[in-house]
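All remarks here apply to the structure that follows.
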Amino acid sequence: DTAVSQTPKYLVTQMGNDKSIKCEQNLGHDTMYWYKQDSKKFLKIMFSYNNKELIINETVPNRFSPKSPDKAHLNLHINSLELGDSAVYFCASSQERAGGRETQYFGPGTRLLVL
Amino acid sequence: SQQGEEDPQALSIQEGENATMNCSYKTSINNLQWYRQNSGRGLVHLILIRSNEREKHSGRLRVTLDTSKKSSSLLITASRAADTASYFCATLSGNTPLVFGKGTRLSVIA
């Protein structure tokens, strides 16, 4: 069974559209993340949720809104898509432990292309 | 803000040779982690080294950490074609999120 899964794997859409990416983890972790990886492979965190509560919200446009219906899911909704949103979006999860967060488990990524 | 920076950006070696990648960071850390990313895939955790550790092994991987120099190295011994991937270091500091470097692209030629 896939530990962290994302859908869809590929997403091609027109500028101005609204789209969602879904993420689910079956590891029982209490923290989930969204990352954006640009064309130069630079990976940057966007959001982090711990037990359904937002704990990190890096500087991303308001057009990006994460939603966590439960501990195992963290979805990413993007409004009014722009060309610059084209990237690979990764979901990840981890388990908080005493002394800090441990390793992160990544999903396979969603390749978003905005035309 | 970017914390870790890998060096070199790209590395090409023959199968059987050792590959060494370096990572430098700027602030004090709780731990440093190395991840691998195969083309078109998500990142996979390889090894974690805590700030009070100096060296760690896992199979053909050896990671060192020098907190005085704020640097770490990842050594892959007896490389295989399947080791071809991008390798990222990531640092964890306090309550800040894990910060990834830009990665080293390793090509192992059979």
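The values are calculated or read from the model by the stated rules, or taken from the named source; none is laboratory data. Here the structure is a predicted model, which means the values were calculated and not measured. Virtual Cβ from ideal backbone geometry, glycine too; neighbours counted across all protein chains shown. Keep in mind that these areas ignore ligands, DNA and RNA; they rest on the heavy atoms of the full protein, side chains included. Shrake-Rupley method; radii C 1.70, N 1.55, O 1.52, S 1.80 Å.
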- Considering residues that are part of a loop (DSSP other than H, G, I, E, B) and more than 17 Å from B:ALA90 (Cβ to Cβ), the number found within the stretch B:18-28 is 1
- Taking the residues in the stretch A:32-67 that are modelled with pLDDT under 85 and acidic (Asp, Glu) as candidates, determine which candidate is most open to solvent (accessible area, probe 1.4 Å). A:GLU53
- Task: Starting from the stretch A:29-42, take each residue that is within 10 Å of A:ALA92 (Cα to Cα) and list its partners that are of a type in the set (Lys, Arg) and surrounded by fewer than 19 Cβ atoms within 10 Å (Cβ to Cβ), counting only C-beta distances under 7 angstrom and pairs at least six apart or across chains.
- Result: A:TYR35/A:LYS44
- Query: For residues in the stretch B:29-45 being without any contact (Cβ under 8 Å) to a residue 60 or more places away in the chain and at the interface with another protein chain (Cβ under 9 Å from one of its Cβ atoms), which is nearest to the chain's Cα centre (by Cα)?
  - Reply: B:HIS45
- Task: Answer yes or no as to whether A:SER86 is touching a His at 6+ places or on another chain (Cβ under 7 Å), more than 15 Å from A:THR7 (Cα to Cα) and either more than 9 Å from chain B (Cβ to nearest Cβ) or open to solvent by 30 Å² or more (accessible area, probe 1.4 Å) (or both).
- Result: no
- Message: Can you tell me which residue is nearest to A:PHE90 (Cα to Cα) among those in the stretch B:29-57 that are outside any strand (DSSP E or B) and open to solvent by 90 Å² or more (accessible area, probe 1.4 Å)?
- Response: B:ARG41
- Index of the failed condition, B:LEU75 passing every other in (1) modelled with pLDDT of 95 or more; (2) open to solvent by 40 Å² or more (accessible area, probe 1.4 Å); (3) under 23 Å from B:ALA110 (Cβ atoms): (2)
- Please enumerate the residues belonging to the stretch B:62-99 that are more than 10 Å from the chain's Cα centre (by Cα), touching a residue at least 24 places away in the same chain (Cβ under 8 Å) and closer than 19 Å to A:GLU102 by Cβ. B:LEU65, B:THR91, B:LEU92, B:SER93, B:GLY94, B:LEU98, B:VAL99
- Filter the stretch A:67-115 down to residues that are under 20 Å from B:ASN95 (Cα atoms) and without any contact (Cβ under 8 Å) to a residue 40 or more places away in the chain, then give me how many there are. 6
- Message: Of all residues being part of a strand (DSSP E or B), out of contact with any Ser or Thr (no Cβ under 8 Å at 6 or more places or on another chain) and on the phi < 0 side of the Ramachandran plot in the stretch A:92-112, which is farthest from the other protein chains (Cβ to nearest Cβ)? Just the residue, please.
- Response: A:ARG97
- Message: Just the residues that are in contact with a strand residue (DSSP E or B) (Cβ under 6 Å, 6 or more places away or on another chain), open to solvent by 40 Å² or more (accessible area, probe 1.4 Å), of a type outside the set (S, T, N, Q) and away from every other protein chain (no Cβ under 11 Å), please, taken from the stretch B:81-110.
- Response: B:ALA81, B:ILE109
